[in-house]
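What follows is a set of notes on a single structure, which appears directly below.
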Amino acid sequence: MHENLFQPLTMGAIEASNRIVMAPLTRGRADLPGVVPNAMMATYYRQRAGAGLIISEATGISVEGSGWPGAPGIWSEEQVEGWKAITRAVHDEGGRIVLQLWHMGRLVHPDFLDGAPPVSASATTAPGHAHTYDGRKDYEPARALSVEEIARVVEDYRKAAQNAKAAGFDGVQLHGANGYLVDQFLRDGTNHRDDEYGGSPENRTRFLREVLTVLIDVWGADRVGLRLSPNGETQGCDDSDPAATFGAAAEVAEALGIAFLELRQPGPDGTFGKTDVPKQDDVIREIYSGPLILNSDYTPEEASRDVADGRCEAVSFGRPFISNPDLPQRIARGAELAPNKDVPHSWYGRGPEGYIDYPALQEDKVTA
């Protein structure tokens, strides 16, 4: 079924065997205290290597940028060694995997920073609560990065990209979505700067451009991707003119010739984030000519339709990959998809339950 989802896709230098992409999924299983990738994570990714491309869970580029319990990092040699086993496991199954590079900005609670405030584009405070090792706590005010500090953060991205290459990934994706640091610079609701990094959409994309440039220095443009969330508020991060802002971001992606662009676009009936703000892929499609991956609440039927119609080249699935490690096989054979437990403790828990214990497809469950 859905044969068009099983055509190969070239994304720069990355050759995907199909157009079913595994979206980045934070799962919180890295070993403590150094948030080091482990053997259980290798099993998890190996089980899902049938995806045309795996985009790894969001991975901290530095201590400063990491604020989710158990989320892995890529700043230490020990972390690099842990990731090597994961990339090897995926490659042994014939899969492809890129590392998503993450700086959480103002969404890092001071508990992760020995009490220091988080950093952001401007001195703002995120709404809601942070997840910490001691439970949920109110977010605290962030301080604005100075121009000199911005240059240092850009170099942190460069080092993380170098470490990702040493760990054996097929490329990297910059996390520019979901209200994290890059997004905080992009949107005028969180970027109140009056220097070269603030004001116009072109200025607000400067940080994005500088980070992508150093990733390209390390990997080449043909192995660098980007994730954006161009419609609606996310974690308190919003914009007054998303078409202008994300049109400018698409112009950066086009000018630099990156390998692929992924868009997370919830709708009014989304199950994980809802918004009435129109999706922006039609605006972005007019600007960015490379492979476009769409995401958020897709069914296999909807994915097949949008690929067939040329709206996108691939679709990334998130939660369905949690409970269906062999999701592409299930879609190909018309099998029923296993329901996700929809229990956050199994999404972010520490052990194998709800992580590597979902069974593969059974022959008697094939329905078409």
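The values are calculated or read from the model by the stated rules, or taken from the named source; none is laboratory data. As the structure is a prediction and not an experimental result, all values here were calculated from the model. A quick note on method: Cβ atoms are made from the backbone with ideal geometry, for glycine too, and the neighbour counts reach across all protein chains shown.
Scanning the range 260-288 for residues that are polar (S, T, N, Q) and closer than 18 Å to ASP238 by Cα yields GLN265, THR275, GLN280. Taken as a whole, the condition of being at pLDDT 90 or above and closer than 17 Å to GLN47 by Cβ does not apply to PRO291. Being touching a residue at least 12 places away in the same chain (Cβ under 8 Å) and closer than 21 Å to VAL119 by Cβ is a property that does not hold for GLN162. Scanning the range 274-286 for residues being under 19 Å from the mean Cα position of the chain (by Cα) and either at positive phi or buried (at least 17 other Cβ atoms within 10 Å of the Cβ) (or both) gives a total of 4. Of all residues in the range 57-72, one or more are in contact with a helix residue (DSSP H, G or I) (Cβ under 9 Å, 6 or more places away or on another chain), over 30 Å from SER304 (Cβ atoms) and assigned to a strand (DSSP E or B). One residue stands out in the range 307-322 among those that are crowded, with 21+ Cβ neighbours inside 10 Å and among the small types (Gly, Ala, Ser): the one that is nearest to GLY12 (Cα to Cα), namely ALA314. Of SER304, SER289, all but one fail to be surrounded by fewer than 18 Cβ atoms within 10 Å (Cβ to Cβ), in contact with a helix residue (DSSP H, G or I) (Cβ under 7 Å, 6 or more places away or on another chain) and of a type in the set (Ser, Thr, Tyr); the exception is SER289. Of all residue pairs spaced 6 or more apart or on separate chains, those with beta-carbon atoms under 8 Å, a first member in the range 92-105 that is farther than 20 Å from ALA51 by Cβ and a second member that is part of a strand (DSSP E or B) are HIS103/GLY60; HIS103/HIS175; MET104/GLY60; GLY105/VAL119; GLY105/SER120.
For every residue, the table says whether it meets (1) within 21 Å of LEU53 (Cβ to Cβ); (2) at pLDDT 95 or above; (3) not β-branched (Val, Ile, Thr).
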| position | (1), (2), (3) |
| --- | --- |
| PHE246 | no, yes, yes |
| ALA259 | yes, yes, yes |
| GLU286 | no, yes, yes |
| SER296 | yes, no, yes |
